[in-house]
Every structure is written in structure tokens, then in C-alpha cells.
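These notes concern the structure reproduced below.
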Amino acid sequence: MNGNVQADDATTSEIATSFLLRACADLGYDDTTTRLLQLADREIRVEIPLWRADGSLAVYHAYRVQHDDARGPFKGGLRFHPSVDMEDVRGLAILMTLKTALVDVPFGGAKGGINCDPSELSRRELEQLTRRFTERLHRELGPNRDIAAPDLGTDAQVMAWITNEYAKIYGHTPAVATGKPIALGGSLGRDEATGRGLVTVLAAWAAASGEPLAGRTAAVQGFGNVGMHAAEALVTAGVRVVAVSDHAGGTFARDGLDPASLGQHRDAHATLATFPGGEPITNPDLLALDCDLLVPAALGGCITEENVADVAAGTVVEGANAPVTPAAHDALVARGVRVIPDLLASAGGVIVSYFEWVQNLQRMSWTLDDVRSRASARLERATATVVERSDDRGIDLRRAAYQIAVERLREAVFAAGP
Ligand code: NAD
């Protein structure tokens with residue numbers, strides 16, 4: 001859980017499971033079907049010993065949960081963070097299965113991670129840890145089995161180490177991971193895909209609601225891959241980004257912030273709080289900021305029963321996975337706050353991961369324009385489907401998104417033969 005905000009004790013697994021069970025109940029599924037859709041196909045835990053640079057031996061816990069592969073190979077990110085545990089990964093794997101179903105890419109869902117603090121490890125230690133993780137798990141991975149991707153605390157370099165280690169056993173197999181460096185078969189547009197996709201979804205939803213985006217204000221929590229690219233795309237769409245934060249604090253400027261300058265400042269000073277173009281702001285204050293759009297793009301469980309009353313934004317757009325607990329979600333909806341759910345708002349990354357996998361399998365590379373336009377078309381289609389279900393049934397967007405994803409999953413599971 002996010003250490004900078006108050007948090008109730010809903011785990012990622014409880015959050016994802018709770019929304020999934022609601023959808024199963026809405027759709028009238030019996031207990032056995034519900035159980036089948038909820039439980040993971042496989043849960044793996046391995047221990048990874050690592051000789052540290054100071055000569056000491058450390059042991060890390062690593063996890064991979066393969067939730068469901070009825071619709072295609074397991075697919076999901078790898079998270080390096082001290083909060084990673086089986087419960088966390090289990091919930092994130094459910095979200096991946098439902099996300100791939102909602103945006104209709106031919107993948108199932110998985111998630112993995114190592115309980116470690118990458119900021120305490122040297123580059124060499126991180127490489128060793130990643131290679132040993134791949135060594136331990138290679139039998140479970142593969143382009144037609146389970147495909148890795150970056151997530152919190154991991155990046156293109158980590159995917160490069162996984163791909164290289166896997167190649168030592170199976171030969172050149174770039175499609176075993178996505179989000180790789182371009183030089184190793186990565187796709188153009190993968191780095192920006194989740195943040196940019198979030199704004200594509202937001203714009204499509206705003207157009208359907210007759211509420212243009214230009215001129216609105218936004219606060220973004222998290223300034224990593226998702227938060228930074230989302231901030232850039234928001235500014236391009238004419239939105240004023242008035243606050244951004246990361247784990248070390250944030251910065252606020254009523255007249256708007258320039259994401260490129262923020263990125264340079266963060267890289268040079270390892271904090272946003274001292275950005276000269278803004279005033280310092282804490283994470284709890286950012287979540288409570290009076291603005292139109294709130295984009296949580298860091299850890300899960302940051303909007304809870306305890307702090308939901310402080311949220312002043314009219315729309316919450318979930319860049320992070322499971323940032324809002326079920327109790328907080330219900331409180332937001334009851335107050336008329338619109339929540340664009342993670343299954344939809346943060347699906348741009350897995351769509352471009354799918355494109356990367358396709359390009360690798362075909363030994364092709366697409367142009368950036370091609371990647372962007374194909375990704376936008378898929379996200380706009382998914383948004384229209386969710387908005388239509390929400391309008392037709394008079395339900396909130398999350399309920400609509402979960403219902404659609406769960407229906408598709410059930411259809412595939414039973415077609416394959418449980
Ligand atoms: P990242 O590691 O690139 O960035 C994470 C950001 O969150 C950093 O700025 C970090 O400082 C900040 N952060 C960490 N702890 C914080 C805290 N306690 N309070 C405030 N900020 C904090 O990770 P990312 O890839 O941008 O992922 C962010 C979220 O988006 C995660 O929930 C992830 O699961 C989700 N997500 C990522 C992708 C992707 O393609 N990378 C796709 C879908 C969903």
C-alpha cells in the first residue's frame with residue numbers, strides 16, 4: 001500500500017476480486033462458474049539468492065501468478081517493489097485477464113514481481129536478480145505460454161535481460177517479453193502507450209459525454225512511465241496539468257506545469273518537490289486538489305474509505321491498477337464522481353505490447369504512426385462499448401467494463417472446455 005496516503009486494508013487481490021464478483025452476480029453466474037473465473041490457473045513462488053556488492057548474501061521472494069489463458073497466452077507485467085507479495089500479484093493478474101478481454105487482444109492474464117527495492121540495488125545487482133528470476137521461471141515463460149512486460153519499478157532494460165537470458169536456453173525469442181528496447185525488437189510507441197492511451201480513452205469518453213477536454217485542469221499522482229506520458233498527452237489535449245507527484249512529493253502550479261521541464265528536473269534532482277516552476281505539494285494534498293480530473297498513476301489502493309471524502313475532482317481516471325478500493329469507488333459514484341476504470345484507462349500498454357508481440361512473431365516493424373492509430377482505434381472501440389453498456393443498463397463505467405470483460409472470459413473458458 002502507498003505509504004504516503006491513508007489506506008484501508010483492502011489488498012489488490014481483494015479489490016480486483018470484489019469487482020469481479022459483482023460482475024458475476026450481475027450476470028447471474030452460478031457459484032462454480034464464478035469460482036472458475038476468479039481463481040488463478042497457477043501461482044508460483046520462488047526464492048532468489050543474490051550476492052550483494054558488499055559481499056553479503058540476500059534472498060528475495062519472487063512471484064508469478066498465471067490467472068487465465070483461455071483467450072491466449074498469459075500476459076502481464078513484472079513489478080519490482082517492496083510491497084510485492086502473492087496477494088498483490090494475484091489481484092494484478094486478475095486485472096490483466098479482464099483488461100485483455102475488455103480491449104479484445106488475444107491474451108490471458110498474469111502478473112509477477114520481486115519483493116525488492118530497486119533503488120537500493122546497483123545496476124549489476126538488478127541485472128543478476130533479473131537473470132536469476134528468468135533462470136528459475138523459464139519453463140513457465142514463452143511467446144505462446146507467458147509473456148512478460150514492464151510495470152512499476154521495471155523498464156525496457158529489465159525486459160532486455162529477461163529476453164537475453166531466455167535466448168541462452170531457447171535461442172533468439174524476442175516475443176517472450178514486450179516493452180523491450182527498440183534495438184532488441186521493442187515496438188515504437190510502447191513506452192508512451194499507457195499514458196497516451198489513458199488520454200485517448202478520456203477524450204473518447206469526454207466526446208461521448210459532450211464535455212470537451214480542452215481547458216480542464218488535472219492532477220497526476222505518479223510521474224513514472226504512465227504518469228509522465230499521461231501528463232504530456234493531457235497537455236497536448238489542452239488540459240492544464242496543475243499538479244504532479246511521485247514517491248518523494250510533488251509540485252503544484254495553478255497556471256499549469258510543463259511535463260518536459262518536470263522530467264528534466266526529476267532526472268537532475270531526484271525529486272519534483274523542488275521544481276522551480278511550482279510550489280511543493282504532498283501526495284495526500286494532491287489527491288484532495290480542487291481540479292476537474294484526478295489521475296492516480298502510482299500504486300494501488302491510494303483512494304480508500306478514509307480519504308475518499310477529500311477527493312474534490314469531478315472525474316477520476318485510473319492510470320494505476322486498482323487505485324480505488326471498492327468502498328471508495330461506491331462513495332465516489334454515490335457523489336456523482338465519474339470513475340474511468342483501470343481496465344479501460346490503463347489498457348493502452350497491453351494493446352501496444354500485443355502489437356510488439358505480433359511484430360516479433362512476424363519479423364516486422366511498424367511505424368510509430370501505424371502503432372498509434374491502431375492503438376487509438378482499439379481504445380476508442382473499447383470505450384464506446386463500455387459507454388454504451390453503461391448508458392443502456394444505467395450502471396457506472398467500472399461495472400460496465402467488468403461485465404463485458406467477464407462475459408468474454410466466460411465465453412472463452414467454456415468454449416475451450418473447463
Ligand atoms: P514507474 O515505476 O515507471 O513509475 C511509478 C511512479 O509512481 C514513480 O514516479 C514513483 O515515484 C511513483 N510512486 C511510487 N510510490 C509512490 C507513492 N507512495 N506515492 C506517490 N507516488 C509514488 O511505474 P509505471 O509503469 O508508471 O506504473 C504506475 C502504475 O501504472 C502501476 O500501478 C502499474 O501497475 C500501472 N500500469 C502500468 C503500465 C505500464 O505500461 N507501465 C500499464 C498499465 C498499468
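Annotations for the structure displayed:
- Of the residues Val226, Val235, Val199, the one that moves most in a GNM of the chain with alpha-carbon contacts below 10 Å is Val235.
- Cα gyration tensor category, rounded, prolate or oblate, for segment 189-298 with a/c compared to 1.5: prolate
- Derived scalar couplings between HN and Hα for segment 406-418 equal 5, 4, 5, 5, 4, 4, 5, 4, 6, 5, 6, x, x Hz in order, rounded to whole Hz, by the Karplus curve 6.51 cos²θ - 1.76 cosθ + 1.60 (θ = phi - 60°), x for Gly and Pro.
- Under a Gaussian network description of the chain, with springs only between Cα atoms under 10 Å, the residue in Trp205, Trp51, Trp357 that fluctuates furthest is Trp51.
- Computed packing ranks the peptides 314-323, 143-152 as 314-323, 143-152, most packed first, by mean other Cβ atoms within 10 Å.
- The phi torsions of segment 49-66, fed into the Karplus equation with coefficients 6.51, -1.76 and 1.60 and a -60° offset, translate into couplings of x, 9, 6, 6, 4, 7, x, 7, 9, 10, 10, 10, 8, 10, 9, 9, 10, 9 Hz, rounded to whole numbers, with Gly and Pro shown as x.
- Amide H contacts of Asp246 (H built 1.01 Å from N, in plane; Pro and chain starts excluded): Gly222, Leu272 sit under 5 Å, all sequence-distant by 5 or more or on other chains.
- The Cα atoms of the chain give a gyration tensor whose axes a ≥ b ≥ c have a/c under 1.5, which makes the shape rounded.
- Of all beta bridges that DSSP places with both ends in segment 201-263, some 45 percent have antiparallel geometry.
- In sequence order, calculated HN-Hα J values of segment 13-18 (Karplus, 6.51, -1.76, 1.60; Hz; x Gly/Pro): 5, 5, 5, 5, 5, 4
- Antiparallel bridge percentage (DSSP; both residues within the chain; nearest 5): 50
- Listed peptides 58-67, 389-398 by packing density, highest first (mean Cβ within 10 Å): 58-67, 389-398
- Relative contact order (percent, whole number), the chain, Cα cutoff 8 Å, 6+ residue spacing: 18
- Placing +1 on each Lys and Arg Cβ and -1 on each Asp and Glu Cβ, with no other charges, gives the chain a dipole about its Cα centre of roughly 1280 debye.
- For segment 345-417, the gyration tensor built on C-alpha atoms gives an oblate shape. Its axis ratio a/c (a ≥ b ≥ c) is at least 1.5, and a/b is not larger than b/c.
- If you run the Gaussian network model on the chain, springs between alpha carbon atoms under 10 Å, then out of Glu232, Glu306, Glu380 the most flexible one is Glu306.
Read-outs: derived from the displayed coordinates by stated rules, not from any lab. Treat the numbers as computed from the prediction; the structure is a model and nothing was measured. Cβ coordinates were reconstructed from backbone atoms using ideal geometry, including for glycine residues, and neighbour counts include every protein chain displayed.
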